[in-house]
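The values are calculated or read from the model by the stated rules, or taken from the named source; none is laboratory data. Please read these numbers as outputs of a predicted model, since none were measured by experiment. Virtual Cβ from ideal backbone geometry, glycine too; neighbours counted across all protein chains shown. When the accessible area is computed, the model is the full protein with side chains, heavy atoms only, and any ligands, DNA or RNA have been set aside. Shrake-Rupley method; radii C 1.70, N 1.55, O 1.52, S 1.80 Å.
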Amino acid sequence: MCGIVGYIGDKKATPILIQGLTRLEYRGYDSAGIAVIENNKIEVKKDKGRVSNLTLLDGIDNLEATIGIAHTRWATHGKPSKENSHPHMDMEGLFAIVHNGIIENYNELKNDLTQKGYKFISQTDTEVIVNLINYYYNQDKNEDELKFLRAVKNACMDLKGSFALEIISNKEPEKMIVVRKDSPLVIGKGNGESYIASDIPAILSYTRDFYFLNDYEFAYLSRNNIKFYDTNLNEIKKETKAIEWDSKGAEKDGYEHFMLKEINEQPKAIRETIGTRLNNSKVSFDELSFTREYLEEINKMYIVACGTAMHAGLVSKNIFEKLCKIPVEVDIASEFRYRDPLINNKTLVIYISQSGETADTIAALKLAKAKGAKTIAITNVIGSSITREADYSIYTHAGPEIAVASTKAYTSQVTMLALIALYFAEILERADTNKINTIKEDILKLPNKAEEVLKDTSEIQEVAKRIYKERDMFFLGRGVDYAVSLEGSLKLKEISYIHSEGYASGELKHGPIALIDIGVTVIATITNKDLVEKSISNIQEVISRGAKIIVVTNQNIENKGFDTIIRIPEISTEISPVLSIIPLQLLSYYISKEKGLDVDKPRNLAKSVTVE
Ligand code: AGP
């Protein structure tokens, strides 16, 4: 949460910083600010509210500086206000800093500094860091070229928690320092200039060459040079990685919202995720060098993630158990990490994270690794933190996902998990080959079938117009359709603020049916032909209590008193969620739009949750 941007080069910094912040606004939008060095002096412009407010601040257009740092905030310590906005300066005004993360021991450090005479004007943990830098700088009697860096390094060694930091100083007006620990940050290399950001898409229009910092690596930037240092301040060498994403991926490209664009990009994202893994022979995963002996020894698999990514895991439990005959538990990362799960060297844990930066998921990964399990990370972001921790990393190739509500990342994750299940199944030979081959053929059909689902959305728009004023809704399903109902419900909640619940259809009569009353909308997904009859009788139970029913199905079901029936193409049940979620994503989108809400940036939410 929070987005940071930086620039050092020979161009005017302010427009670059503001454009970067605009692209990062999905990470937080409580307040925004920039700091630049002009005539050897730090100039700070900041306020509460969105990035667009920044452009209205007095004098911001006149800043000619070519070095600067910037921040868009998702409040953790201290309410959204001008004082709590970043950048923050130290008491003497020598340094300016922006920070993404949380400093857990900031109270302790603040008390210490207060006793030394430091004064604070904000409630933030960040103001503590910048004063700590000031403290170490003033303590240091050496006047060499690393003095600024030493002060930053010493301060960082005192911090507990997570941080991505950019620091400038009027003592070194031609320099910038960036460092990270457990919070995302990338450095884009230009021609005689450098761009810094919390994620790649924010600066993709300037460069494709990126440096990725490991925890506690310090980058000391001047206009046309970057030096990297470890914690002993020994210089280290780092190579850039070329990023192949299309910079258009980070633009709306004619769509009204990123979410709608990303929903429509799903056929392409699924196609890219499949890539060349499926051909006439066996499914291939060059990243995974698993032997039959190893796979046969696995006694348990966990799939661990948060939110939508966890829902992708829930869908996939079914295919892994069916084709690989390995018991699979799906867990929420924030629960898994604190429940002392049973793990040993025969456990395999798959972690799913679009951003690769979710704090709970990364902590859950470290835990399993420490207990001897093998770990696989599935992520969409190259070089993200999770890839530095996992034993194996597999990339979905969904392209940048900007809208807070995840759509194309989910369908790519479900597709990727199905491919991994097939890869294991072909090695293990525990499942019927015909079944494996049918799913393989069907996976190849997914992109075209997703296109079919997206072709005509008029019916879904009509439904949205009819139900957007409702206060409560229910999503029902059995088997993988239950997992889809949870994801459909999450989508609706996060962008429309309508209360909704996802339930296993058979569970309804054990309590929640008490909430069904005349006019309540129930959305049921039915994609498993073996469960059609049972699902229909559950629907009849709510119809007889007055509910309005919307059915999403790929089965030849007659309309038996439903309000609407949305038909989608048939496909193997195991991978049907890739198609059945699309109408639910669209429904949430059009409901949110009907309500006039900020679809891409729903209240209180940030795209990547980099704090616990
Ligand atoms: C999805 O719409 C959400 N915004 C959220 O649940 C998200 O999936 C979750 O925070 C996990 O993010 P990650 O995939 O980047 O780890």
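At-a-glance table
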| read-out | value |
| --- | --- |
| Nonlocal amide H pairs with K548, under 5 Å, H built at 1.01 Å | G519, V520, T521, V522 |
| The chain: angle of helix 359-370 to the longest principal axis, Cα-based, in degrees nearest 10 | 80 |
| Accessible area in square angstrom per residue, the range 113-261, 1.4 angstrom probe | 42 |
| Descending principal axes extents, the range 190-319, alpha-carbon based, whole Å | 53, 46, 33 |
| Furthest towards positive pole of dipole, A504, F258, N134, structure part the chain, Cβ charges | A504 |
| Apportionment of accessible area to carbon and sulfur, the chain, percent (1.4 Å) | 45 |
| All-pairs alpha carbon distance profile, the range 211-260, 10 Å steps from 0, percent | 20, 32, 20, 21, 7 |
| Mean separation of Cα contacts under 8 Å (6+ apart) over length of the range 340-426, as relative contact order % | 24 |
| Accessible area (Å², per residue) of the range 274-389, counting only protein heavy atoms and a probe of 1.4 Å | 38 |
| Links that overshoot a 25 Å alpha carbon limit, given the list K171/K241; K282/K449; K455/K593; K440/K593; K12/K153 | K171/K241; K440/K593; K12/K153 |
| Values of log10 I(q)/I(0), in the order q = 0.16, 0.18, 0.21, 0.29 Å⁻¹, for the range 513-567 under a Debye, Cα-only, solvent-free model | -0.42, -0.52, -0.70, -1.22 |
| Calculated from backbone phi, Karplus (6.51, -1.76, 1.60) coupling profile of the range 201-207 in Hz, x at Gly/Pro | x, 4, 10, 5, 6, 9, 7 |
| The chain: calculated mean residue ellipticity at 222 nm from DSSP helix runs of at least 4, using -39500 (n - 2.57) | -11000 deg cm²/dmol |
| Cα radius of gyration and Dmax for the range 325-454 (Å) | 15.9, 46 |
| Listed residues S85, P577, V609: farthest to the positive end of the dipole of the chain (Cβ charges) | P577 |
| Karplus (6.51, -1.76, 1.60) ³J(HN,Hα), θ = phi - 60°, over the range 70-78, in Hz, Gly and Pro reported as x | 8, 8, 10, 10, 10, 4, 10, 9, x |
| Net charge dipole size for the range 26-79 [Lys, Arg +1 and Asp, Glu -1 on Cβ; Debye, nearest 20] | 380 |
| Largest-first ordering by accessible area, 1.4 Å probe, given options R150, R545 | R545, R150 |
| Over 28 Å between alpha carbons, listed pairs K560/K595; K491/K529; K82/K227; K46/K181 | K560/K595; K82/K227 |
| Positive-pole candidate from F218, I16, A309, dipole of the chain, charges at beta carbon | A309 |
| Solvent exposure of the range 417-487 as accessible area per residue, Å², 1.4 Å probe | 44 |
| Contact order relative to length of the range 540-612, as percent, for alpha carbon pairs under 8 angstrom and 6 or more apart | 19 |
| Over the range 391-513, equivalent-ellipsoid semi-axes from the Cα gyration tensor in Å | 31, 20, 15 |
| Loop-located chymotrypsin sites (Phe, Trp or Tyr not before Pro) in the range 91-141 whose Cβ has at most 12 other Cβ within 10 Å (DSSP) | none |
| Where M89, M259 fall by accessible area, highest first, once all protein chains stay in place (1.4 Å) | M89, M259 |
| Translational D in µm²/s for the range 9-144 (Stokes-Einstein at 10 °C, 1.306 mPa s, Kirkwood Rh from C-alpha pairs) | 103 |
| Ellipsoid equivalent to the range 123-244 - semi-axes via the Cα gyration tensor, in Å | 24, 16, 13 |
| log10 of Debye I(q)/I(0), alpha-carbon scatterers only, for the chain at 0.07, 0.09 Å⁻¹ | -0.46, -0.74 |
| Using distinct alpha-carbon pairs, which all enter the 1/r mean, Kirkwood radius of the range 499-612 in Å | 15.9 |
